[in-house]
1. For the stretch 25-75: of the residues being modelled with pLDDT under 95 and of a type in the set (D, E, K, R), which is nearest to residue 141 (Cα to Cα)?
2. Working carefully through the options 35, 80, 24, find the one that is farther than 17 Å from residue 205 by Cα and touching a residue at least 24 places away in the same chain (Cβ under 8 Å).
3. Pull out all pairs, ordered by first then second residue, where Cβ-Cβ is under 8 Å, the residues are six or more apart or on different chains, the first lies in the stretch 152-170 and is closer than 17 Å to residue 19 by Cβ, and the second is among the basic types (Lys, Arg) and surrounded by 12 or more Cβ atoms within 10 Å (Cβ to Cβ).
4. Scan the stretch 102-143 for residues that are farther than 19 Å from residue 205 by Cβ, of a type in the set (A, V, I, L, M) and modelled with pLDDT of 80 or more and jot them down.
5. Could you please find all residues in the stretch 43-66 being small (Gly, Ala, Ser) and exposed (fewer than 14 other Cβ atoms within 10 Å of the Cβ)?
Amino acid sequence: MVLTLIITFSLLGSVASILAAALFLLFPEKIRIVFIPGVISYATGTLLGAALLGLIPTAAESISAYRVSATLLTGLVGFFILEKLIIWRHCHNSDCDVHKTAGPLILIGDAFHNFVDGVIIAAAFIVSIPLGIMTSVSVITHEIPQEVGDFAILLDAGYSRMKAFGLNMVSGLTALVGAVLAYLFMQSVRAAIPYVMSISAASFIYIAIGDLIPGLNHHTRLKDSLLQIILLLAGIGTILIFNNTHPNV
């Protein structure tokens, strides 16, 4: 049962997100320009909510607050280093420096990122099904705008639509590999789960604060800012509602 849910939601977080992104590229550019910041705002709220209201409190039930904080700090520093090595990347537009690199490097980075997402989803489901669903929602919401950006970058690099789609699908399947491996190994090493939860929270916080929020700050009109705030709070509210509905998360 748990393994089935892990496989299903890891595929939703990767392959389904790629399919949604591919369909989204069929929309007129004016719609995409309006839609993407909204999805990113909502994703920011779900990432912060899942990290601070779900993953960290759950980890703190098994290990000391100091160990949670130390692991969280280690994760944040680690993701910063990985990003500097252009392995861990989350840019959602074609203007950032990493998108000036070759397409294959972007696909390798995405494959690694999707693998980690799979591990995060599996670890959450091993703790509890509600926590797994909550974590998966956060993964899915931030994957869609990222995959839209990936398609745009590969198309700009000269890839055909079918080739860009196929390569993104291959990189997305690494989420399933990460999820299944994590399920198999974490079942026998359950003591590591609180630390994985803390690292997972670090990745969510890093993505939200280090990547998504700075991009949203480029939109300075009052109307845009208010919409971003509302959608960010809606993302947090989704996690809060889920927590109240499933208090044993």
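The values are calculated or read from the model by the stated rules, or taken from the named source; none is laboratory data. None of the values given here were measured: they were computed from a predicted structure. Cβ coordinates were reconstructed from backbone atoms using ideal geometry, including for glycine residues, and neighbour counts include every protein chain displayed.
1. It comes out as 32.
2. Values: 35 fails: touching a residue at least 24 places away in the same chain (Cβ under 8 Å); 80 fails: farther than 17 Å from residue 205 by Cα.
It is 24.
3. Here the result reads 154/163; 155/161, each pair linking the stretch 152-170 to a residue that is among the basic types (Lys, Arg) and surrounded by 12 or more Cβ atoms within 10 Å (Cβ to Cβ).
4. 111, 122, 126, 129, 133, listed by residue number.
5. Here is the first cut: in the stretch 43-66, the residues small (Gly, Ala, Ser) are 43, 45, 49-51, 54, 59-60, 62, 64-65.
Residues satisfying the conditions are 64, 65.
Table: residues versus (1) under 16 Å from residue 209 (Cβ atoms); (2) buried (at least 17 other Cβ atoms within 10 Å of the Cβ); (3) in contact with a strand residue (DSSP E or B) (Cβ under 6 Å, 6 or more places away or on another chain); (4) of a type outside the set (Gly, Ala, Ser).
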position: 13; (1), (2), (3), (4): no, yes, no, no
position: 26; (1), (2), (3), (4): no, no, no, yes
position: 30; (1), (2), (3), (4): no, no, no, yes
position: 34; (1), (2), (3), (4): no, no, no, yes
position: 41; (1), (2), (3), (4): yes, yes, no, no
position: 68; (1), (2), (3), (4): no, yes, no, yes
position: 72; (1), (2), (3), (4): yes, yes, no, yes
position: 78; (1), (2), (3), (4): yes, no, no, no
position: 84; (1), (2), (3), (4): no, no, no, yes
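Yes/no per residue for (1) of a type in the set (Phe, Trp, Tyr); (2) closer than 20 Å to residue 39 by Cα; (3) touching a Cys at 6+ places or on another chain (Cβ under 6 Å); (4) crowded, with 18+ Cβ neighbours inside 10 Å:
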{"position": "144", "(1), (2), (3), (4)": "no, yes, no, yes"}
{"position": "153", "(1), (2), (3), (4)": "no, yes, no, yes"}
{"position": "162", "(1), (2), (3), (4)": "no, no, no, no"}
{"position": "182", "(1), (2), (3), (4)": "no, no, no, yes"}
{"position": "192", "(1), (2), (3), (4)": "no, no, no, no"}
{"position": "209", "(1), (2), (3), (4)": "no, yes, no, no"}
{"position": "221", "(1), (2), (3), (4)": "no, yes, no, no"}
{"position": "242", "(1), (2), (3), (4)": "yes, yes, no, yes"}
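Rundown of residues vs (1) assigned to a helix (DSSP H, G or I); (2) charged (D, E, K, R); (3) over 24 Å from residue 149 (Cβ atoms), yes/no style:
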residue	(1), (2), (3)
168	yes, no, no
175	yes, no, no
188	no, no, yes
211	yes, yes, no
224	yes, yes, no
227	yes, no, no
